[in-house]
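Asks: Before I ask anything, here is the structure I am working with.
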Amino acid sequence: MAEEQSEGISIDQVRHLATLARIKFSSEEIEKMQQELNSILDPIKMLQDVDTQGVPPTSHSGGVISVMREDQVHSSYPAKDMIANAPLTEGNYIKIKEVLEQ
Amino acid sequence: MKDLLTVAKSRHLLTSKQISALELTKEILRCIHATEDEVASYVTITEELALQQADQADKCIQKGQMHSLTGIPMQIKDNLSTANVLTTCSSNMLRNYIPPFNATVVEKLRKEKTVLLGKGNMDEFAMGSSTENSAIKRTYNPWDLTKVPGGSSGGPAASVACQQALFSLGSDTGGSIRQPAAFCGIVGLKPTYGLVSRYGLVAFASSLDQVGPMTRTVEDSAIVLRAIAGRDRADATCLTRTVPDYEKSLDKGVKGLRIGIPTEYFDPEIDETAKQSVIDAAQVLKENGATIDWDISLPSTKYALAVYYIIAPSEASANLSRYDGVKFGHASSGDNIWDVIEKTRQEGFGPEVKRRIMLGTHVLSSGYYDAYYLRASKVRTIITQEFKNIFKKVDVLLGPTTPTTAFGVGEKMADPVAMYKSDILTVPANIAGIPAISIPGGFSNNLPLGIQFMAPHLGEEILFRVGHSYQQSTSWHLMHPPVFKAN
């Protein structure tokens, strides 16, 4: 955090984020993204001034905790319809390129 | 039909057999064809389907099987799934995506025998405040075609403003219903989180997203909300409470109601004309019997936008990980699976969506989580608590919906932070999960101004009471934009 407050996000950090987010960028786009992320993060840093000691976090505003329902059998959508949008299929399966190398 | 139609008025015309659903649908289609070249609010127009559905609605009406919205021609924002009808989210990622199922809200409207006219344009994946992030087209403000309609529900707002639909459904994550409603001079309601099912809404930020009605009047908002609200077994965050008949609350008036105007909503960044519309509205409501409290404060309001720009991108970065070129949507080619995924996301997402995914990935990443996401979640608690406390003193809050009227096309596209600031008054309600409504509150330089009311959790009836009382005493909602051409 200390490093970021003084210098903002570095080019290397942006490249790392792109890998984590699985988005390909050109080097010009990486540079532009660095500037934009830093300009967005700058005003956000005001939250460091808020006293949050002893305050529990809120992840949800609904107030619904665990929802139970009757375990009833019901029909689902046909597999054929559900995979109709997949780019590559074989029978009722979605086909993808090899994930684990031999 | 010289005046703009409302849902309530049309329903009366249908019930009393003064018009058929087919005639009504044809009249709205005429409005679409007369204005769509200039306004460009639809991604898809389902004319043939609309005529079929209108015909079916007429058969139901003849048999006396009429529901609240039978035969009413309407539009749906393009991030709500419609079975067998293109649902693009205004993104290249979903440009050719045809969902196999209906969103719960769409299914509810289908059962009511409403008439689907088509799908409304929006900022890509609902990320934006001007609809300029749409990968499909630009939409223009019907009041001034050099201005944006707001966003992300810019298509729905523009359509309803010039009678291209009698109502539309939008989604609101940080103001995406209310801000465009304000810019286009219509009524936009963000319901309490959990009141309306999110099943079939393309997910952006799941703890903030809510579906809500975009209408010409508060009365129409009450009618549409009743039809779409309620428990859904497909959405576990949906509340289980029985949906009240909101129409019954409309005429209860505001006598004895305590209306609070927080000092923070009169910040120097807010335009004088926006402030004046709030002062005038307070006067109207005072005359109608409400008491006005000017001496209240929500000091954490200033943190709301920062909290929003941590939480929303965080949730978005997780939600949008599903677009991988494997299951549905745009698919690129590549040497291996990772190459396919990275290229698919490079080609499929626009600049704003990429910015938010990258921002969300950063604030959730190892070493930054505590400083950003966790801290924002704690400040979220503080903001929520502040609202809870203030609602012990007043029944409803009033302020401007947006700091300014609609801005110029292209004006804020180069500066993301300036664009984000147009949501400064709308994000607090999403963070706290409370209901809020934007209502036409006047004009400045011939552009509409919106005033916003916020109520406690499940306080929709209070919003309808106060909003309807205001509309009974004002005529802003009866004005129509120059682009609307009466038959």
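The values are calculated or read from the model by the stated rules, or taken from the named source; none is laboratory data. Note that the coordinates shown come from a computational prediction; the quantities given were computed from them, not determined experimentally. Heads up, the Cβs are rebuilt from the backbone with ideal geometry, glycines too, and the neighbour counts pull from every protein chain shown.
Asks: So, of the residues in segment B:194-207 that are within 19 Å of residue B:91 (Cβ to Cβ) and in a loop (DSSP other than H, G, I, E, B), which turns out to be nearest to the other protein chains (Cβ to nearest Cβ)?
Replies: So the residue we want is B:206.
Asks: While we're here: Can you find a residue that is within 16 Å of residue B:202 (Cα to Cα) and more than 14 Å from chain A (Cβ to nearest Cβ) anywhere in segment B:56-76?
Replies: For segment B:56-76, residues within 16 Å of residue B:202 (Cα to Cα) and more than 14 Å from chain A (Cβ to nearest Cβ): present.
Asks: So which residues in segment B:308-328 are within 7 Å of chain A (Cβ to nearest Cβ) and either under 30 Å from the mean Cα position of the chain (by Cα) or farther than 30 Å from residue A:86 by Cβ (or both)?
Replies: Answer for segment B:308-328, where residues must be within 7 Å of chain A (Cβ to nearest Cβ) and either under 30 Å from the mean Cα position of the chain (by Cα) or farther than 30 Å from residue A:86 by Cβ (or both): B:309, B:310, B:317, B:325, B:327, B:328.
Asks: Which count do you get for residues in segment B:232-284 that are of a type in the set (S, T, N, Q) and either part of a helix (DSSP H, G or I) or modelled with pLDDT of 95 or more (or both)?
Replies: Result for segment B:232-284: 6.
Asks: Next question, about the same structure. Of all residues being part of a loop (DSSP other than H, G, I, E, B) and of a type in the set (S, T, N, Q) in segment B:1-40, which is nearest to residue B:162 (Cα to Cα)? Just the residue, please.
Replies: Looking at the filtered set, the residue picked out is B:6.
Asks: On to the next question. Being of a type in the set (Lys, Arg) and within 19 Å of residue B:456 (Cβ to Cβ) is the filter here; which residues of segment B:258-313 pass it?
Replies: Passing the criteria: only B:258.
Asks: Out of B:70, B:44, B:88, which single residue is in contact with a strand residue (DSSP E or B) (Cβ under 7 Å, 6 or more places away or on another chain), β-branched (Val, Ile, Thr) and either part of a loop (DSSP other than H, G, I, E, B) or modelled with pLDDT under 95 (or both)?
Replies: So the residue among B:70, B:44, B:88 that is in contact with a strand residue (DSSP E or B) (Cβ under 7 Å, 6 or more places away or on another chain), β-branched (Val, Ile, Thr) and either part of a loop (DSSP other than H, G, I, E, B) or modelled with pLDDT under 95 (or both) is B:88.
Asks: On to the next question. What pairs come out if I take residues in segment B:336-363 that are surrounded by fewer than 21 Cβ atoms within 10 Å (Cβ to Cβ) and pair them with residues that are part of a helix (DSSP H, G or I) whose C-beta lies under 6 Å away, six or more apart or interchain?
Replies: What qualifies is B:350/B:124; B:355/A:36.
Asks: Would you mind stating whether residue B:241 is on the phi < 0 side of the Ramachandran plot, out of contact with any Cys (no Cβ under 8 Å at 6 or more places or on another chain), touching a residue at least 60 places away in the same chain (Cβ under 8 Å) and away from every other protein chain (no Cβ under 14 Å)?
Replies: Answer is no for this residue.
Asks: Check residue B:251 against each of (1) surrounded by fewer than 18 Cβ atoms within 10 Å (Cβ to Cβ); (2) in contact with a Leu (Cβ under 9 Å, 6 or more places away or on another chain); (3) not basic (Lys, Arg) and name the one condition it does not meet.
Replies: For residue B:251, the exception is condition (2).
Asks: Of the conditions (1) surrounded by fewer than 16 Cβ atoms within 10 Å (Cβ to Cβ); (2) touching an Asp or Glu at 6+ places or on another chain (Cβ under 8 Å), residue B:7 clears all except one; give me its number.
Replies: Residue B:7 satisfies every listed condition except (1).
Asks: With the condition kept exactly as written, say whether any residue in segment B:395-407 is surrounded by fewer than 22 Cβ atoms within 10 Å (Cβ to Cβ), more than 30 Å from residue B:460 (Cα to Cα) and more than 8 Å from chain A (Cβ to nearest Cβ).
Replies: No, there is no match, as no residue in segment B:395-407 is surrounded by fewer than 22 Cβ atoms within 10 Å (Cβ to Cβ), more than 30 Å from residue B:460 (Cα to Cα) and more than 8 Å from chain A (Cβ to nearest Cβ).
Asks: Looking at segment B:335-351, can you tell me whether even one residue there is of a type outside the set (S, T, N, Q) and closer than 26 Å to residue B:192 by Cα?
Replies: No: segment B:335-351 contains no residue that is of a type outside the set (S, T, N, Q) and closer than 26 Å to residue B:192 by Cα.
A quick yes/no check of all residues on (1) surrounded by fewer than 16 Cβ atoms within 10 Å (Cβ to Cβ); (2) in contact with a Pro (Cβ under 7 Å, 6 or more places away or on another chain):
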{"site": "B:290", "(1), (2)": "no, no"}
{"site": "B:293", "(1), (2)": "no, no"}
{"site": "B:303", "(1), (2)": "no, no"}
{"site": "B:327", "(1), (2)": "yes, no"}
{"site": "B:331", "(1), (2)": "no, yes"}
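Asks: Test residue A:45 against the criterion of being within 26 Å of residue B:94 (Cβ to Cβ) and either at pLDDT below 90 or out of contact with any Ser or Thr (no Cβ under 6 Å at 6 or more places or on another chain) (or both), and give yes or no.
Replies: In short, no.
Asks: How about segment B:286-307: which of its residues are in a helix (DSSP H, G or I) and either within 10 Å of chain A (Cβ to nearest Cβ) or more than 30 Å from residue B:382 (Cα to Cα) (or both)?
Replies: Residues satisfying the conditions are B:286, B:287, B:300, B:302, B:303, B:305, B:306, B:307.
Asks: If a residue must be over 16 Å from residue B:4 (Cβ atoms), assigned to a loop (DSSP other than H, G, I, E, B) and not β-branched (Val, Ile, Thr), how many such residues does segment B:114-170 contain?
Replies: Qualifying residue count, segment B:114-170: 20.
Asks: Here is a follow-up. Could you list, in sequence order, all residues of segment B:30-59 that are more than 22 Å from the chain's Cα centre (by Cα) and buried (at least 21 other Cβ atoms within 10 Å of the Cβ)?
Replies: Those that are more than 22 Å from the chain's Cα centre (by Cα) and buried (at least 21 other Cβ atoms within 10 Å of the Cβ): B:50, B:53, B:54, B:57.
Asks: Then there is this: If a residue must be within 13 Å of residue B:309 (Cβ to Cβ) and either acidic (Asp, Glu) or facing chain A (nearest Cβ under 7 Å) (or both), how many such residues does segment B:366-383 contain?
Replies: Summing the residues that are within 13 Å of residue B:309 (Cβ to Cβ) and either acidic (Asp, Glu) or facing chain A (nearest Cβ under 7 Å) (or both) in segment B:366-383 gives 4.
Asks: Got a number for residues in segment A:55-85 being modelled with pLDDT under 85 and more than 7 Å from every other protein chain (Cβ to nearest Cβ)?
Replies: 5
Asks: Can you say whether residue B:131 is hydroxyl-bearing (Ser, Thr, Tyr) and without any contact (Cβ under 8 Å) to a residue 60 or more places away in the chain, as far as the supplied structure shows?
Replies: Yes, satisfied.
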